[in-house]
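Any read-out appearing in this document is the output of simple, stated calculations on the displayed coordinates, not a laboratory observation. Note that the structure is a prediction, hence the values are computed from the model and not measured. Virtual Cβ from ideal backbone geometry, glycine too; neighbours counted across all protein chains shown.
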Amino acid sequence: MPKKFTVLSLFLVAALMLAACVAAPPVAEAPAEEAPMEEASADMSGKVVIASGGMIRIGGSFALTGPIPDPGLNIRHGAELAIDDLNAMGGLEGFMFELVAEDGACDGTQGTNVGNKFAADETIVAVTGGTCSGETFGLMPILQEARIPFVSPSATNPDVTSADCDVCNRVALSDALQGATDAAFVVSDLGISSVAVVHDNSDYGKGLAEIFQNNVMEMGGEVTSFEGVQVGDTDFRAMLAKVGADGPQFIFFGGYSTEAGLIAQQMTETPGLEDTAFMSVDGAYTQQYLEAAGGAAEGTYVSFVAGADSEEMNEDFDAKYMEKYGVSPDDLGPFHSQSYDSVKLIAAAIAAVASVDDNGNLVIDREELISAIRSVDAFEGLTGTIKCDSMGECGAGGVQIYQVMDGDFSQVSGFGME
Amino acid sequence: MTSSPVKAQAAGTDGRAAMKQFTRALGAAIVILVVWRVTTVGLAEGYPASFWISQALNGLVLGGVYALVALGYTLVYGILFMINFAHGEVMMIGGITGFFALQFAQARGWMEGPWPVVVVALLLIMFIGMAASVLIGVTLERLAYRPLRQAPRLVPLISAIGASLFLQYSVLLIFGVSPHSYRKPALISGGLRLGDVFIPYTGAIIFVISILLMLALYFIIQRTKLGRAMRAVAEDRSTASLMGVDVNAVIVVTFMLGSALAGAAGVMLGFHNTVVKFNSGFIPGLKAFTAAVLGGIGNIPGAMFGALILGLIEAIGPSALGIPTEYKDVIAFTLLVLILIFRPTGLFGEVLSEKRA
């Protein structure tokens, strides 16, 4: 009896964890191996041919579930508005655009599932997304093999773009810049010499925390501890007690809203950390952060990779957003403008390479589209004048640093203030 | 092939003895390794005593929550010999319901009133959360487990996993995927500061209430007629039935008690950690299951002490072993595997089920 129970329990715990992993993404999966091969054989010419009356289909990987569902939805809204505007202006040669939205769940495994789904669908011309860096790492190799270019509005990990990946692009700014700017702000502007660095073990959060840590050390600051937590944790007291034992002047957290808010809140309950300043990053530049932190948010810092807003275009966008979704775009998350630009950028690249053949079909060459995105120059978007370089970095703007005052973010340093 | 049954049996005993020796040696090696690590790395860090006390208090609070949930596992196992893997979700439902009850109370300004009003409102919120959990627990028993009572043992377990996912994603669809943030009323915000040790009020409340609820449960089981019926059903269902015990009613009451405790844990954890969402019962549920196995599943005091021990190990373990705190879950689940290997009946023995074995 006890032995039976042993085996049974082990089996069950394993099964339950497996079930949780497999079941978490509520979206259908495409077979991993077959998809790209099928695509290649069905489409030997490397061209997308859209029959007259068909749609130009752009895939979208959005973090609709997972740790940051509100920003994910916000990004989806931005993309939908871009599609609306493109179609209102008559589409392209009479062909309308369509957004094929999938849930990337801010997670690498689900990013892979979404990538396979897009790769198996030969009507997908390009992809906007993923929302998170880890999710984008899941998409990346599959889209690279399927020759589908993508533009991420918000994946900021430096490795999202690389010399090896010609389909990888983004309109967000790299964390290499954010981490360095944050470190300079903390060490030079605030004059802090000892910091503790915490991250959430996501590709995004850990990557940014490491960049920040390296920059602080290069500038002569001391890093008292480097601790990880898990996305989804809610009790950080044990971690904070350990961090607090070293008495840092400052805690930097690389991760997302809810965890950032709870850490800020639980710091006030940790001996040695009651008066320690706290800073988080663009993943926490949300209303959800203010909500989760409550009163503890006051005085904390958050950085954001902002675009160079053009007032007029943004007012128009905000009005359309309010009208369609009934909320202000900033209520849900910060990356809606980048998302809008990402889709518009893709559409501009498609317009540059698409042609109508003798039968009235729209023909888009995949390889030409991949290089067309990289040659976008002086594209006027919501986030400023976008120019893509040979690595796929299309971001405009700079890093901004905000401090929470009277329950709202107010900029204290960085891009647009000089 | 040709060896006699007697010889084969002897060989089997030999093999078992060798296996026993091997596990013993392995166990000793693990203990030595842990002690070595703690003395050379953990203690060498030179943390002050207040640090260890803070961590131990964190652990006791965690342990109190795990205990309330673990009791649900153990009660149901004691009577039905099944693991109710949807129990973590029963707790989550309590937390979510408590959130909405709190919103209701806050909208009416009860949380800013004089302290007796706030205390009564908080207790009401907890009872509402408990009631919701009881409702879900009883429904689960009726729909997901009772029809399978005569089925092989694995079947209700699979049903439980299905129910767990069903509840998680129903909550996701109904209440959305975003986390809900509890707003603590001023009365229970902050905490007591004793030197370098800080005790959050919510933590102290969790510990006290969980002890009170456990005492109440122990009283019900040991001192009331209902408790006697529960013990009788746990010991032998068919004989109890012959003696005039309404087995179905006892099973329903068992689910009600377990679910009420889980609901209370869900609401209190909501106030303590301030965030609940559709999957916030999953990991605590697994931890509580670990705690129940640690104490000996089916054993009620075992679940209580197992949970407190697990909470303490989780809070103190990473610092004592000198490893990053992100490995706290690894420590907890490694403990589960070790317990299953070395002492499958748990630290305090599998009291109720042993009679069955």
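All distinct Cα pairs of chain A go into the 1/r average, and the inverse of that average, the Kirkwood radius, is 22.2 Å. Place +1 on the Cβ of every Lys and Arg and -1 on the Cβ of every Asp and Glu in chain B, take the dipole about the Cα centre, and give the residue among B:PHE271, B:GLY302, B:ILE30 whose Cα lies farthest towards its positive end. It is B:GLY302, whose Cα lies furthest towards the positive end.
Between region B:158-206 and region A:194-272, the C-alpha centres lie 22 angstrom from each other. Taking the C-alpha atoms only, the angle from helix A:69-88 to the longest principal axis of chain A is near 30 degrees. Expressed as a fraction of 2.2 N^0.38 Å, the C-alpha radius of gyration for chain B is 1.09. Applied to region A:46-63, the Karplus parametrisation 6.51 cos²θ - 1.76 cosθ + 1.60 on θ = phi - 60° returns per-residue 3J(HN,Hα) values of x, 10, 9, 10, 10, 5, 3, x, x, 10, 8, 9, 10, x, x, 10, 10, 7 Hz, with x for Gly and Pro. Other residues whose C-beta falls under 15 angstrom from the C-beta of B:LEU26 contribute a net charge of +3, scoring Lys and Arg +1 and Asp and Glu -1. Each residue of region B:295-303 is assigned a 3J(HN,Hα), and the resulting list reads x, x, 5, x, 9, 5, x, x, 5 Hz, derived from the Karplus form 6.51 cos²θ - 1.76 cosθ + 1.60 (θ = phi - 60°), x at Gly and Pro.
Other residues whose C-beta falls under 12 angstrom from the C-beta of B:ALA332 contribute a net charge of 0, scoring Lys and Arg +1 and Asp and Glu -1. Of B:ARG343, A:ARG76, the sequence from fewest to most neighbouring Cβ atoms within 10 angstrom is B:ARG343, A:ARG76. For the set A:LYS324/B:LYS277; A:LYS117/A:LYS344; B:LYS225/B:LYS328; A:LYS206/B:LYS287; A:LYS324/B:LYS184, the pairs lying more than 32 angstrom apart at their alpha carbons are B:LYS225/B:LYS328; A:LYS324/B:LYS184. Restricting the calculation to Cα atoms, region A:289-357 shows an Rg/Rh of 1.13 when the hydrodynamic-style radius is the Kirkwood one. Sorting the Cα pairs of region A:291-418 by distance into bins of 10 Å, from 0 upward, gives 11, 31, 30, 18, 7, 3, 0 percent per bin.
Between A:GLU368, A:GLU218, A:GLU135, the residue with the greatest mean-square fluctuation in the GNM of chain A (Cα pairs under 10 Å linked by springs) is A:GLU218.
Stokes-Einstein diffusion of region A:202-294 at 25 °C, 0.890 mPa s viscosity, Kirkwood radius from Cα pairs, rounded to a whole number: 184 µm²/s.
Among rounded, prolate and oblate, which fits region B:19-106 when a ≥ b ≥ c are the square roots of the eigenvalues of its C-alpha gyration tensor, a/c under 1.5 means rounded, and a/b larger than b/c means prolate? Here region B:19-106 falls in the oblate category. Divide the volume of the convex hull around the Cα atoms of region B:125-193 by the residue count and you get 152 Å³ per residue.
Per residue, the average separation of C-alpha pairs within less than 8 Å and at least 6 apart gives region A:172-252 a relative contact order of 38 percent. Measuring max minus min along each principal axis, the C-alpha atoms of the protein assembly as shown give extents of 87, 70, 55 Å (largest first). Taking every DSSP beta bridge that has both ends in the protein assembly as shown, the antiparallel portion is near 45%. Counting only DSSP beta bridges with both residues in region A:269-418, the antiparallel share comes to about 90 percent. As a proxy for reagent exposure, B:HIS87, B:HIS272 were ordered by neighbouring Cβ count within 10 angstrom, fewest first; the result is B:HIS272, B:HIS87. Of all beta bridges that DSSP places with both ends in region A:132-275, some 0 percent have antiparallel geometry. Would you look at the GNM of chain B, springs on alpha carbons closer than 10 Å, and say which of B:THR74, B:THR239, B:THR290 moves the most? Of the options given, B:THR239 has the highest mean-square fluctuation. To the nearest ten degrees, helix A:108-120 and the longest principal axis of the Cα atoms of chain A are 0 degrees apart. Taking Cβ atoms as reference points and 9 Å as the exclusive limit, the residues near A:GLN266 contribute a net charge of -1, counting Lys and Arg as +1 and Asp and Glu as -1.
By the beta-carbon count within 10 Å of each Cβ, the least crowded to most crowded order of A:MET219, B:MET91, fewest first, is A:MET219, B:MET91. Its relative contact order, with pairs defined as Cα atoms under 8 Å and 6+ residues apart, puts region B:19-354 at 35 percent.
Its relative contact order, with pairs defined as Cα atoms under 8 Å and 6+ residues apart, puts region B:200-256 at 21 percent.
Between A:ALA308 and A:LYS324, the simple label model (points 7 Å from Cα in the Cβ direction) yields a spacing of 2.6 nm. Taking a ≥ b ≥ c as the square roots of the eigenvalues of the Cα gyration tensor, an a/c ratio of 1.5 or more together with a/b no larger than b/c marks region A:168-227 as oblate.
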